[in-house]
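**Q** Pasting a structure below so you can have a look.
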Amino acid sequence: MLILVVETRYFYNALEMHGDDTMYKTILAPLDGSKRAETILKHVEQLAFRYDAKVIFLQVLKPPTRTDYTIPHPEIFERLFDDELREAQRYLDGHKGQFMEKNIKSKSLAVFGSVVKEILRVAEHEKVDLITICSHGRGGLSRLFYGSVAAGVLNRADRPLLVIRARSVIK
């Protein structure tokens, strides 16, 4: 398994050293709706151009719970569920459209579930060759308390993974 956790200036040189054997036909780009997560997209775009790869944009949503007693009827709960899914799909379709305008094949998926599990499930189901993630760069106690999607995927992925660390907070 190839895992790349690198400074971006070294990444493309590393690809050159691997030669044409390292082909990526399908790239998974999980996004959480934040500008920080979107910093991976410039790298995804370059890789998609280089390898004529299809890009799959993925957003994993936390399943809504029915513990909120202000939502008394199942119909209202279902509507909130559908609204959240529709909003995520609209967000992803925006990125998909930008890539398609650049002649990059792309697809968007919004799903509910555990973030790490769903990233890995989609990677397997879609036969993804490369998972790309922007890490928030948390460590120590912060990672312990908040968890780390990048660390979770890194520990469980069975395919190449590109992790780019976001250097600054983007507002």
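Just so you know, all these numbers are worked out from the coordinates, no wet-lab data involved. Bear in mind the structure is a predicted one, so any value in this text is a computation, not a measurement. Cβ atoms come from the backbone with ideal geometry, glycine included; neighbour counts cover every protein chain shown.
**Q** Can you list the HN-Hα couplings for region 55-61, worked out from phi with the Karplus curve (6.51, -1.76, 1.60; θ = phi - 60°), rounded to whole Hz and with x for Gly and Pro?
**A** Here the 3J(HN,Hα) series is 10, 10, 8, 10, 10, 9, 9 Hz.
**Q** With each pseudo-label sitting 7 Å past Cα toward Cβ, what's the Q98-A151 distance in nm, one decimal?
**A** 2.9
**Q** Quick one: which residues, 5 or more positions from L58 or on another chain, have an amide H under 5 Å from its amide H? H modelled 1.01 Å from N in the peptide plane, none for Pro or chain starts.
**A** A29, L31, L109
**Q** Now a separate question. Return the long-range amide H neighbours of S106 (sequence gap of 5 or more, or a different chain), with a cut-off of under 5 Å between placed amide H atoms.
**A** V55
**Q** Could you list log10 I(q)/I(0) for region 83-123 at q = 0.18, 0.21, 0.22, 0.30 Å⁻¹, which the Debye formula gives when each Cα is one point scatterer?
**A** For the requested q values the scattering log ratios are -0.58, -0.73, -0.78, -0.97.
**Q** Right, another one. Which whole-Hz ³J(HN,Hα) couplings does region 110-126 yield from phi under the Karplus relation 6.51 cos²θ - 1.76 cosθ + 1.60, θ = phi - 60°, glycine and proline marked x?
**A** Ordered by residue, 3J(HN,Hα) equals 10, 9, 9, x, 6, 4, 4, 4, 6, 4, 5, 5, 5, 4, 5, 4, 8 Hz.
**Q** Can you compute the FRET efficiency between D52 and H73 using 1/(1 + (r/R0)^6), with r the Cβ-Cβ distance and R0 = 35 Å? Round to the nearest 0.05.
**A** 0.10
**Q** Next question. Which residues' amide hydrogens lie under 5 Å from the amide hydrogen of S135, considering only partners 5 or more residues apart or on another chain, with H built in the peptide plane?
**A** Long-range HN contacts for S135: I164, R165, A166.
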